[in-house]
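Working notes for the structure below.
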Amino acid sequence: MVTQLDLAALDATTHRSALTQRRRDRMARIEPRGAREHTARERVELLVDAGSFVEITPLRTADGKGTGVLTGWGRVDGRSVVVIAHDAAVASGAIGAVFASAVVKAQRLAIDRGFPIVYLNDSGGARVPDGVFALHGCGEIFTLNVVAQRRVPQISVILGPCAGAAAYSPALTDWTIMVKGHGHMFLTGPDIVKAATGEDATSDEIGGSQLHTVKSGVAHLEVEDEAAALAETRRLLSFLPSHAGAPMPVVDAVEPDAEAVSALPFVVPEKASVVFDMNQVLDGVLDEGERFELMPEHARSILTVLGRLDGRPVGIIANQPAARGGILDSLASVKAARFVEFCGRFGLPVVTFVDVPGFLPGTVEEGRGVITHGAKLLKAYIESSAPVLTVVVRKAYGGAYIAMGAKSLGADFQWAWSNAEIAVMGPGGAVTLLHRRALAAADDPITLRDELAAEYREEVARPYIAAESGIVDDVIVPEETRGRLSDALRMLTAGQA
């Protein structure tokens, strides 16, 4: 005789089997197409700590199929992170109404709870059959990209095509990592470009990682494969707080490399025109260990680096004399401004190392709007609510001196090395302007110019006038730099985690 209990057990088994089958169907692995190495789920699992991912609404579908996106949360080095991964196995990851709804739900979770967002992008753009509903959904995603900017770090990883509407979301996030040869970002692909303009261009030429990390600056790091992209994303997150106002991921302090410390007093050549690698200065000042350089191949005359000082993450802006003499131009100004602005939003102290000959002159730069772009850098420093510490290690001339985190822009402390020069222009240009008549009348104008330039350098450009007036807090020798920065940073961050 079948009892009520037997019937209940049979029903439970049936329901359990139905759920198991639905889960199996939903999570069935579909072999990645083309150059893709992993499925969307495998990408997420490579990114987060093992076994930590929890999917949001895993059974949701669109037209009986998956949504085309995997959303949920997991942990990276033990800290919660929201992950949004496009699933190219479903309609090529196209953004439809249901797709957008899922993304928006995940974005709101991250904003409300204060979790960083990682977008794993691989999408052909808006879903054509969804029409205006797809476009409306894209707009909602973009809106929350902007809302999230003031709250949580956002990182986009380009693992496949990001075409049309799918390219805008990465541009609204903080940092974009692209896989070489696989990741592409463009508003219109090769076929449409050919039809509209007659131009023959490949996906790499229109929107490849080389274009965007070297020339356009749309993306900020190029890597070789998917695994490297996800590993670099984890490394980038290790320097960042979970949200604005959150405790910094502080680690045990590590002294700089002893050899780099010993070499520090001799790294910077006395002559202002002789190049050197600013990384040697960073080696002798910052904690030994990994640093994370963003945009290393774009606008190379400026360095934008995440590192640590006394175990605390800091953002480093530095002129790079080894690349175009460390000069500021339009691209370098935008690159530096973006980095300073990001650090300011999330409380990362900004440490600036200055060796700048000025802004690049000429019709080309003026035509590119160097005035406006340089002003963006001024604005970023002025608006920064994070600690700002500045060290002039050699020359700092003209408006570029101001733009590189000067005290007048709100730097908390500014120091100058004893061999530094701070002036409206370099000694050579200054004496040519100030002593034009004497030089024109001289029997040996070159010798006279050199003598006048040496006099100008010692009497006008050396940092003691700035220090005596309080514009520079002190004149120091190179080996004192780490101690001054560390002491100031401890004071400015006292009481913070």
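The values are calculated or read from the model by the stated rules, or taken from the named source; none is laboratory data. The structure displayed is predicted, hence computed values, not measured ones. Using ideal geometry, Cβ is built from the backbone for each residue, glycine included, and neighbour counts are taken over all protein chains shown. Areas reflect the complete protein model, heavy atoms only, side chains present, ligands, DNA and RNA absent. Shrake-Rupley method; radii C 1.70, N 1.55, O 1.52, S 1.80 Å.
Look at Leu172 and say whether it is within 30 Å of Val305 (Cα to Cα) and without any contact (Cβ under 8 Å) to a residue 40 or more places away in the chain. Answer is yes for this residue.
Might you let me know whether segment 423-432 holds any residue that is without any contact (Cβ under 8 Å) to a residue 24 or more places away in the chain and closer than 28 Å to Glu270 by Cα? Taking every residue of segment 423-432 in turn, at least one turns out to be without any contact (Cβ under 8 Å) to a residue 24 or more places away in the chain and closer than 28 Å to Glu270 by Cα.
Of all residues in segment 286-296, those satisfying the criterion of being surrounded by fewer than 20 Cβ atoms within 10 Å (Cβ to Cβ) and assigned to a loop (DSSP other than H, G, I, E, B) are Glu288, Gly289, Glu290, Arg291, Pro296. Reported count of residues in segment 453-484, each being open to solvent by less than 50 Å² (accessible area, probe 1.4 Å) and either in contact with a strand residue (DSSP E or B) (Cβ under 9 Å, 6 or more places away or on another chain) or free of Cβ contacts under 8 Å to residues at least 12 places away in the same chain (or both), is 14.
Can you report the number of residues in segment 293-318 which are more than 16 Å from Ala380 (Cβ to Cβ) and among the polar types (S, T, N, Q)? So the count comes out to 1.
For segment 341-358, the set of residues classified as out of contact with any Pro (no Cβ under 7 Å at 6 or more places or on another chain), farther than 18 Å from Trp175 by Cα and modelled with pLDDT of 95 or more consists of Val351, Thr352, Phe353, Val354, Val356, listed by residue number. Residues in segment 102-127 that are touching a Cys at 6+ places or on another chain (Cβ under 9 Å) and open to solvent by 40 Å² or more (accessible area, probe 1.4 Å): Gly124 only. Of all residues in segment 37-71, those that are over 26 Å from the mean Cα position of the chain (by Cα), β-branched (Val, Ile, Thr) and in a loop (DSSP other than H, G, I, E, B) total 4.
Among the residues of this structure, Ala380 counts as one that is touching a Gly at 6+ places or on another chain (Cβ under 9 Å), crowded, with 23+ Cβ neighbours inside 10 Å, in a helix (DSSP H, G or I) and of a type in the set (A, V, I, L, M, F, W, C).
Has segment 150-162 got at least one residue that is out of contact with any Pro (no Cβ under 7 Å at 6 or more places or on another chain) and either without any contact (Cβ under 8 Å) to a residue 24 or more places away in the chain or basic (Lys, Arg) (or both)? Taking every residue of segment 150-162 in turn, at least one turns out to be out of contact with any Pro (no Cβ under 7 Å at 6 or more places or on another chain) and either without any contact (Cβ under 8 Å) to a residue 24 or more places away in the chain or basic (Lys, Arg) (or both).
The set of residues in segment 336-347 that are surrounded by fewer than 24 Cβ atoms within 10 Å (Cβ to Cβ) and under 16 Å from Met295 (Cβ atoms) comprises Ala337, Arg338, Glu341, Phe342. Exactly one residue among Ala260, Ala244, Ala299, Ala272 is surrounded by 15 or more Cβ atoms within 10 Å (Cβ to Cβ), within 23 Å of Thr213 (Cα to Cα) and hydrophobic (A, V, I, L, M, F, W, C), and that residue is Ala299. Residues that are within 28 Å of Ser238 (Cβ to Cβ) and without any contact (Cβ under 8 Å) to a residue 60 or more places away in the chain were ranked within segment 83-99; the one that is surrounded by the most Cβ atoms within 10 Å (Cβ to Cβ) is Val83.
Each row is one residue, and each column tells you yes or no for (1) open to solvent by 40 Å² or more (accessible area, probe 1.4 Å); (2) under 32 Å from the mean Cα position of the chain (by Cα); (3) closer than 29 Å to Ala375 by Cα.
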{"residue": "Ala396", "(1), (2), (3)": "no, yes, yes"}
{"residue": "Ala406", "(1), (2), (3)": "no, yes, yes"}
{"residue": "Gly410", "(1), (2), (3)": "yes, yes, yes"}
{"residue": "Gln414", "(1), (2), (3)": "no, yes, yes"}
{"residue": "Met425", "(1), (2), (3)": "yes, yes, yes"}
{"residue": "Arg436", "(1), (2), (3)": "yes, no, no"}
{"residue": "Ala440", "(1), (2), (3)": "yes, no, no"}
{"residue": "Asp444", "(1), (2), (3)": "yes, no, no"}
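Assessment of segment 188-198 against the conditions (over 23 Å from Ala246 (Cβ atoms), touching a strand residue (DSSP E or B) at 6+ places or on another chain (Cβ under 8 Å) and touching a residue at least 40 places away in the same chain (Cβ under 8 Å)) yields no matching residue. I'm trying to understand the selection: among the residues of segment 40-71, which are open to solvent by 20 Å² or more (accessible area, probe 1.4 Å), closer than 14 Å to His86 by Cβ and small (Gly, Ala, Ser)? The answer is Ala62, and nothing else. Residues in segment 270-285 that are in a loop (DSSP other than H, G, I, E, B) and either without any contact (Cβ under 8 Å) to a residue 60 or more places away in the chain or more than 28 Å from Gly428 (Cβ to Cβ) (or both): Lys271, Ser273, Val274, Val275, Phe276, Asp277. Here segment 357-377 is the region considered, the condition is being in contact (Cβ under 8 Å) with a residue 40 or more places away in the chain, open to solvent by less than 20 Å² (accessible area, probe 1.4 Å) and more than 20 Å from the chain's Cα centre (by Cα), and the residue that is farthest from Asp487 (Cα to Cα) is Val370.
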